[in-house]
């Protein structure tokens with residue numbers, strides 16, 4: 001439509017001669033009016049593609065959404081919301097680097113708190129923590145409302161990853177003071193306390209999170225992990241079971257409950273849980289390792305070795321896996337293979353591996 005309209009305009013310019021009395025400025029004004037009409041049509045097309053992209057993004061059709069945002073931006077190059085939403089589509093696909101680049105463009109065109117916060121989260125996911133903190137500071141300076149509270153939450157998340165737990169707790173507490181229903185702030189503050197071995201404070205925060213969101217499976221997982229540490233195995237099983245009841249595909253809960261069943265000598269229940277964890281997530285290296293440990297305990301060494309092999313294929317940095325496979329190989333009379341595995345475990349920082357190397361591999 002636009003192309004044919006343009007051709008008609010060009011044709012009219014060629015065949016129509018302006019009267020001699022029409023001044024040059026008037027001719028210029030006529031042409032500028034024509035250009036303005038074209039620009040208005042282009043603006044409508046860009047907005048139409050943008051709106052289409054937003055609908056596709058909301059429907060989780062990320063590739064199609066990106067295509068629509070591409071068209072909008074190709075027509076209207078100074079379109080910060082299109083860059084922002086294209087970044088959101090890339091972020092949802094796990095393309096954090098691509099998202100950061102688009103957030104950069106949005107911020108260049110319009111440096112607002114929403115864009116800085118979004119780029120901060122993308123930097124956090126991309127493990128670019130310094131950049132994340134810079135953007136979070138800008139968000140806090142620019143906004144006094146929800147974006148500021150979200151920025152404080154993600155500041156806590158970054159500090160948690162950096163193992164600066166006291167500072168993280170301060171940020172999570174700021175969030176909670178502003179919003180008593182901010183479930184993840186309670187949960188993540190609990191995780192800070194857990195890392196500091198302040199277990200009762202951790203459990204208190206996890207329970208506050210669950211009071212707000214009873215379907216928060218990860219909170220049940222974390223309470224159960226603390227109970228397992230204190231050898232409250234029945235309590236741990238109950239909480240892992242609660243996690244599974246709200247999320248039937250919770251591979252972590254199945255794996256962890258299986259580990260508790262193994263501690264209790266309930267091998268059939270443990271095997272079923274490890275099998276379920278692997279069924280849900282076939283690339284769950286730790287679940288293969290735990291199933292290997294279970295088979296090892298049952299003296300099924302060849303079967304255990306197969307599980308250790310798969311665990312280490314999936315995760316070549318799995319130090320405990322090398323240690324355990326080395327022990328298994330030793331029992332299968334593969335001394336050279338055992339020493340190789342213990343050497344790898346030792347290189348990955350598994351302290352016990354050095355004892356085996358010193359005793360068996362001289």
### Task
Would you point out which residue out of 256, 293 is under 17 Å from residue 330 (Cβ atoms) and in a helix (DSSP H, G or I)?
293
### Task
Filter the stretch 286-341 down to residues that are more than 20 Å from residue 362 (Cβ to Cβ) and more than 36 Å from the chain's Cα centre (by Cα), then give me how many there are.
6
### Task
State all residues of the stretch 159-182 that are within 17 Å of the chain's Cα centre (by Cα) and buried (at least 21 other Cβ atoms within 10 Å of the Cβ); if no residue qualifies, say none.
159
### Query
What number goes with the only condition from (1) within 21 Å of residue 145 (Cα to Cα); (2) free of Cβ contacts under 8 Å to residues at least 24 places away in the same chain that residue 169 does not pass?
(2)
## Note on the structure
So the helices (runs of 4 or more DSSP H) completely within the stretch 162-242 holding 1 or more residues that are under 25 Å from residue 270 (Cβ atoms) are 183-195, 199-212, 217-229
#### Entry: From 219, 224, 253, 236, residue being surrounded by 21 or more Cβ atoms within 10 Å (Cβ to Cβ), within 20 Å of the chain's Cα centre (by Cα), more than 29 Å from residue 118 (Cα to Cα) and not assigned by TED's automatic domain parsing to the domain that holds residue 140
253
### Query
Hey, does the stretch 24-33 have a residue that's part of a helix (DSSP H, G or I), at pLDDT 65 or above and over 23 Å from residue 111 (Cα atoms)?
no
### Query
When only residues in the stretch 343-362 that are touching a residue at least 12 places away in the same chain (Cβ under 8 Å) and under 28 Å from residue 281 (Cβ atoms) count, which is surrounded by the most Cβ atoms within 10 Å (Cβ to Cβ)?
345
### Task
Taking the residues in the stretch 264-273 that are part of a helix (DSSP H, G or I) and within 16 Å of residue 236 (Cβ to Cβ) as candidates, determine which candidate is farthest from the chain's Cα centre (by Cα).
269
### Query
Mind checking whether some residue in the stretch 61-68 is outside any helix (DSSP H, G or I) and surrounded by fewer than 20 Cβ atoms within 10 Å (Cβ to Cβ)?
yes
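The values are calculated or read from the model by the stated rules, or taken from the named source; none is laboratory data. Computed from a prediction, not measured in an experiment: that's the story for all the values here. Neighbour counts run over all protein chains shown; Cβ positions are idealised from the backbone, glycine included.
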